Every structure is written in structure tokens, then in C-alpha cells.
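One structure below.
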Amino acid sequence: MPAPSPPLRIAILGVGKIGSAFAFQLARAGHEVTVIARPGSLRLAQLERDQAIVDVGGARAAVRVAGGLDEAAAYDLTVVTLLAHQAEALLPALARSAAGCVQFMFNTFQPERLEAAVGAGRCAFGMPFVQATLDGQGRLKATIGAGGQRTIMSEQRWVDVFDAAGLPAALEPRTALWLRCHVAFCVAFESVSVAGMRRGGGASWGEAMGLARGVHACFALVKAQGYEVYPAAKRRIDGSPAWVMAAMLWGMSRVRSFRELLAGGRDEAVALVEVMAATPGAAPGDVAAIEAMKPG
């Protein structure tokens, strides 16, 4: 087990499934955790009632609860677990905040924009690999580290903090590029899940092929911006015929747990497609293929 890290002041901005799992583990590891939920939301009301993250077994992790970011608070780390389009309106407040580090933990095709907003010296990136749900009472059920999964992070110091809190993490120095390239997969997985739910048992082959062509178009846009497709697994997909990716998507859409988990990402998929379609450098045919990835 990693040695416990010294107690830190940590803010979690966005207390849905992932944010709640992070807050629970970090608070129980001894850190002072403040959770920030949307004003007037059911989630904020649940948190104010409990003054804790509560799991389905009744275990509690005491946290501080707020309906907005205290810009003057000198948090050691502010973790943003909202989606990219939800976080957009909060960038000015994050830029003004006294946080020592702002870690963005979501899919983004524009990591450099986030870095510019808060300053390169205190910007970090990550991608959570935690399976979690919240029941109707806001109680958490989380599966952490299943199948050896590790949350990836761009800085070793936060890998150490998360590891010590029972949140397996791994260093990925090129996390920003990893996220940019992962957007293609994110949209494809969420869109094929929406299609599978609509059909009640899986996407059609035509839908899977359309999404596979879109993935190739997304990678073409990444390269048009002067980046490489990363990591190697994605480069292999980029160099393969579209039917290879289509077969993967077609099969995954037939796994009920997969489509139920990811079909809720419809709004994220739509927002990410719109960002990519508006990015300069894409060939007209690629723009059309990317726009066709929007879940119906």
C-alpha cells in the first residue's frame, strides 16, 4: 500500500458519480474535502442533509458542502469532474481562484484552452477510470480498480495522493494528448450505446460503420492540427479499415451493461461533436463524418 499523504485541502467541483467516489475515498484518507454541487440541485440538497458522502452500505465520509466555488480558498487541489461543456461557464471563476492546482478530469478536444484559462503552471489533467452509481437517496455504490483499471493523471504528485487514498492511478505525462485522441472513442461509445438502447438490443451494422468512419475523421482532424494519434492502440485503429472499429462498436452495443452505462452520455457526445466540427483544419468530408456521429 502507498504511504498516506499529508492531509490536503481538496475541492471537488461536480459531485455526480465520479466526483462522489473521489470525495468519499479522499475524505476517508484524512484529507479536508469540500464538495461543490449546483445551486438548487437535488444533489446539493442531499449533500447538505448528510454533510457527507454516504455509500449504499451506510458508511460515511464527512465533507464540507458548498453551492459554489470559494475563489479565495487556497485549496491544494481543485478537481473538476464536470463534463467539458458544463465546465465552460466556470473557467473564469477557476482562473480567479486561489487553488494551487486545477485538475480537469473529463474528455476534452481542447486541453490547451483549459490550460490557458487557469495557467499552465497550475493546470493538470486526468481521466477517471472508476465505475460508480448514485441511488435515489444519493448513496454511492462504487467499483474501484476493477480489472486493474487505473485513473490516469498528468502529474506524479496527484497519482501518489490518489493511490494512497485507495484510488488506483497511473502517470500519463501526455494526458492532454491522450484526452484529445480519446474524444473520438468517447463519442463513438456513447453514440453506439444510445443507438443500442433505442433498438433495445444493439446498434445496427450501418450505425456502427457510420461511427467507425467518424472515428477515422476525428483522428484525421487531430493530425490536421499537427498532433499524432496517441497512444499506440489508437494509432492501430487509425491505420485499420473502418470495419475493424465498427465490429468493436457493434459487439459492445450488445452488452447490456455497456450500453446502459454510456447511453447517459448523449449530451456529452453532442457537445464534443460540435466542438470538433467547428475546429479549423478539418476537410469537408471529415466534418460531415464527425457531425454524423451525433447520437440520434
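Go through G264, G206 for me and flag whichever is over 13 Å from F189 (Cα atoms) and assigned to a helix (DSSP H, G or I).
Details: G264 fails: over 13 Å from F189 (Cα atoms).
Answer to the selection: G206.
A246 falls short of the stated requirement of being surrounded by fewer than 18 Cβ atoms within 10 Å (Cβ to Cβ) and either in a helix (DSSP H, G or I) or charged (D, E, K, R) (or both).
Checked against (1) open to solvent by 60 Å² or more (accessible area, probe 1.4 Å); (2) at pLDDT 95 or above; (3) touching a helix residue (DSSP H, G or I) at 6+ places or on another chain (Cβ under 7 Å), V15 meets all criteria but (1).
Sub-9 Å Cβ pairs linking a first residue in the range 268-295 that is among the acidic types (D, E) to a second residue that is open to solvent by 30 Å² or more (accessible area, probe 1.4 Å) and not in a helix (DSSP H, G or I), at least 6 apart or interchain, are E268/L83; E274/K294, ordered by first then second residue.
Looking only at residues in the range 187-214 that are aliphatic (A, V, I, L, M) and free of Cβ contacts under 8 Å to residues at least 60 places away in the same chain, which one is nearest to V255 (Cα to Cα)?
So in the range 187-214, the residues aliphatic (A, V, I, L, M) come out as 187-188, 192, 194-195, 197, 203, 208-209, 211-212.
Restricting the remaining residues to those that are free of Cβ contacts under 8 Å to residues at least 60 places away in the same chain gives 203, 208-209, 212.
Details: A203: 11, A208: 14, M209: 18, A212: 18 Å.
The residue in question is A203.
So that you can scan it fast, the table gives a plain yes or no per residue for (1) closer than 25 Å to D267 by Cβ; (2) within 15 Å of the chain's Cα centre (by Cα); (3) in a helix (DSSP H, G or I); (4) aliphatic (A, V, I, L, M):
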| residue | (1), (2), (3), (4) |
| --- | --- |
| T143 | yes, no, no, no |
| L177 | yes, yes, yes, yes |
| C181 | yes, yes, yes, no |
| V194 | yes, no, yes, yes |
| G201 | yes, no, no, no |
| G214 | yes, no, yes, no |
| K223 | no, no, yes, no |
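Scanning the range 147-168 for residues that are in contact with a strand residue (DSSP E or B) (Cβ under 9 Å, 6 or more places away or on another chain), aliphatic (A, V, I, L, M) and surrounded by fewer than 23 Cβ atoms within 10 Å (Cβ to Cβ) turns up I152, V159. L94 passes every criterion in (1) open to solvent by less than 20 Å² (accessible area, probe 1.4 Å); (2) under 19 Å from the mean Cα position of the chain (by Cα); (3) more than 21 Å from S20 (Cα to Cα) apart from (3).
Can G196 be described as in contact with a helix residue (DSSP H, G or I) (Cβ under 7 Å, 6 or more places away or on another chain), small (G, A, S) and farther than 27 Å from R113 by Cβ?
Working: in contact with a helix residue (DSSP H, G or I) (Cβ under 7 Å, 6 or more places away or on another chain): yes; small (G, A, S): yes; farther than 27 Å from R113 by Cβ: yes.
Against the criterion (in contact with a helix residue (DSSP H, G or I) (Cβ under 7 Å, 6 or more places away or on another chain), small (G, A, S) and farther than 27 Å from R113 by Cβ), G196 qualifies.
Among residues of the range 100-140 being within 16 Å of E172 (Cα to Cα) and aliphatic (A, V, I, L, M), the one that is farthest from the chain's Cα centre (by Cα) is A124.
From the set of residues in the range 119-142 that are out of contact with any helix residue (DSSP H, G or I) (no Cβ under 6 Å at 6 or more places or on another chain) and under 17 Å from A27 (Cα atoms), which is most open to solvent (accessible area, probe 1.4 Å)? The selected residue is K141. Taken over the range 271-286, the criterion of being open to solvent by 30 Å² or more (accessible area, probe 1.4 Å) and either assigned to a helix (DSSP H, G or I) or in contact with a Leu (Cβ under 6 Å, 6 or more places away or on another chain) (or both) is satisfied by E274, V275, P284, G285, D286.
Can L77 be described as open to solvent by less than 40 Å² (accessible area, probe 1.4 Å) and touching a residue at least 40 places away in the same chain (Cβ under 8 Å)? Steps first, answer last, please.
Working: open to solvent by less than 40 Å² (accessible area, probe 1.4 Å): yes; touching a residue at least 40 places away in the same chain (Cβ under 8 Å): yes.
For L77, the condition - open to solvent by less than 40 Å² (accessible area, probe 1.4 Å) and touching a residue at least 40 places away in the same chain (Cβ under 8 Å) - is met.
The values are calculated or read from the model by the stated rules, or taken from the named source; none is laboratory data. Predicted, not measured: the structure shown is a model, and the values here were computed from it. Every residue, glycine as well, gets a Cβ built from its backbone with ideal geometry; the counts of neighbours run over all protein chains shown. Note: areas computed on protein heavy atoms with side chains; ligands, DNA, RNA excluded. Shrake-Rupley method; radii C 1.70, N 1.55, O 1.52, S 1.80 Å.
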